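Written out below as structure tokens is the structure these notes cover.
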Amino acid sequence: MKWKWNWPLWVGFIVAVGGLLSYEYFVRFPITRDFPWANLLLFAIGAVLLLIGLFRAFGRPHLYRGKAFGSIFAVIALLLFGFFSYEIFYVLRQVPLSAQAPRIGEKAPPFSLPDQDGKQVALADLLSPNGAVLIFYRGHW
Amino acid sequence: MRSFQRRLGDFKSRGVQVAAIGVDPTEISRGHAKKMGYTFPLLSDSDAAVIRRYDVLHRAAGPKGNDIARPAEFYIDASGTVRWVNLTDNIAVRARPEQALAAIDVSAGSNSSQ
């Protein structure tokens, strides 16, 4: 008897892995970074395909393979999704309160720091003519 | 920061400078500014002294468990007074340049009406 290729298992698994790996790409754009809907959409598509593949494998085992490897794919995809959710919905929200940060109406603490060319830049240098926007960032690694 | 670079002209036309502050050493900032095309200053606060003074330190959150800055944005007017603060509760969600520009315009409006 001839087996049919249970493609939804493979495609679903690849799409789910892509849901995690593509974070590096989507994080560059505010629209897909503020809320990672693009990654979640990929995970959802992957889940639907994996389910279709599993239904085929278990429902019509005489036609489709994949009971064992399909289950393994599904478990791995679920673990990846769990890891992603933990990072996105827990780790990224562990931000200090910064209760003592300068508030509106307060004077900004002065400073002088070297820029990327080694030149000292003081807050006072940045304030003319109409003030400055300071962006504190985590750094590059 | 990419989006702030894109809108840098809108800050310049308002007479407002943009500067970023992080713990990266000067050499790293230089390489990064070049790679990303950042033309505003990336200030190197390697011992996080200024970051601490602004209470925007994120302890042990760096790649080697070092202290780094949490994302935060301020608009400080010409007199050195804070006019706008954005303290996110999600590392992935940063201020958009439009928010800062709106705050600058509100601040300019309240100054001229005084």
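Might you check whether a residue that is more than 7 Å from chain B (Cβ to nearest Cβ), in a strand (DSSP E or B), surrounded by 12 or more Cβ atoms within 10 Å (Cβ to Cβ) and free of Cβ contacts under 8 Å to residues at least 12 places away in the same chain occurs anywhere in segment A:102-112? Scanning segment A:102-112 turns up at least one residue that is more than 7 Å from chain B (Cβ to nearest Cβ), in a strand (DSSP E or B), surrounded by 12 or more Cβ atoms within 10 Å (Cβ to Cβ) and free of Cβ contacts under 8 Å to residues at least 12 places away in the same chain. Residues that are at the interface with another protein chain (Cβ under 7 Å from one of its Cβ atoms), farther than 20 Å from residue B:2 by Cα and assigned to a loop (DSSP other than H, G, I, E, B) within segment A:113-128 comprise A:118, A:127, A:128, listed in sequence order.
Condition (residue is basic (Lys, Arg), facing chain B (nearest Cβ under 8 Å) and in a helix (DSSP H, G or I)) applied to segment A:87-99: is it met by at least one residue? The answer is yes; a qualifying residue exists.
All of B:29, B:13 fail the test of being surrounded by fewer than 20 Cβ atoms within 10 Å (Cβ to Cβ) and on the phi < 0 side of the Ramachandran plot, apart from B:13. Which of the residues belonging to segment B:55-86 are in a strand (DSSP E or B) and either more than 8 Å from every other protein chain (Cβ to nearest Cβ) or out of contact with any Lys or Arg (no Cβ under 8 Å at 6 or more places or on another chain) (or both)? Selection gives B:72, B:74, B:83, B:84, B:86. Would a scan of segment B:92-109 turn up a residue that is within 7 Å of chain A (Cβ to nearest Cβ), within 20 Å of residue A:106 (Cβ to Cβ) and of a type in the set (Val, Ile, Thr)? Taking every residue of segment B:92-109 in turn, none turns out to be within 7 Å of chain A (Cβ to nearest Cβ), within 20 Å of residue A:106 (Cβ to Cβ) and of a type in the set (Val, Ile, Thr). A search for C-beta distances below 7 Å between a residue of segment A:18-40 that is in contact (Cβ under 8 Å) with a residue 24 or more places away in the chain and any residue that is aromatic (Phe, Trp, Tyr) and surrounded by fewer than 18 Cβ atoms within 10 Å (Cβ to Cβ), counting only pairs 6+ apart in sequence or on different chains, returns A:36/A:26; A:39/A:26.
Okay, residues lined up against (1) touching a residue at least 40 places away in the same chain (Cβ under 8 Å); (2) buried (at least 18 other Cβ atoms within 10 Å of the Cβ); (3) not basic (Lys, Arg):
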| residue | (1), (2), (3) |
| --- | --- |
| B:65 | no, no, yes |
| B:73 | no, yes, yes |
| B:77 | no, yes, yes |
| B:84 | no, yes, yes |
| B:89 | no, no, yes |
| B:98 | yes, no, yes |
| B:106 | no, no, yes |
| B:110 | no, no, yes |
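Might you let me know whether segment A:129-139 holds any residue that is more than 15 Å from the chain's Cα centre (by Cα), under 18 Å from residue B:56 (Cβ atoms), assigned to a loop (DSSP other than H, G, I, E, B) and aliphatic (A, V, I, L, M)? No; the residues of segment A:129-139 include none that is more than 15 Å from the chain's Cα centre (by Cα), under 18 Å from residue B:56 (Cβ atoms), assigned to a loop (DSSP other than H, G, I, E, B) and aliphatic (A, V, I, L, M).
Selection of helices (runs of 4 or more DSSP H) fully inside segment A:1-83 by the criterion of at least 2 residues being touching a helix residue (DSSP H, G or I) at 6+ places or on another chain (Cβ under 6 Å) and of a type in the set (Ser, Thr, Tyr) returns nothing. Restricting attention to segment B:1-22, the residues that are β-branched (Val, Ile, Thr) and under 21 Å from residue A:28 (Cα atoms) total 2.
Each reported figure results from applying straightforward, stated rules to the coordinates on display, with no laboratory input. Computed from a predicted structure; not experimentally measured. Virtual Cβ from ideal backbone geometry, glycine too; neighbours counted across all protein chains shown.
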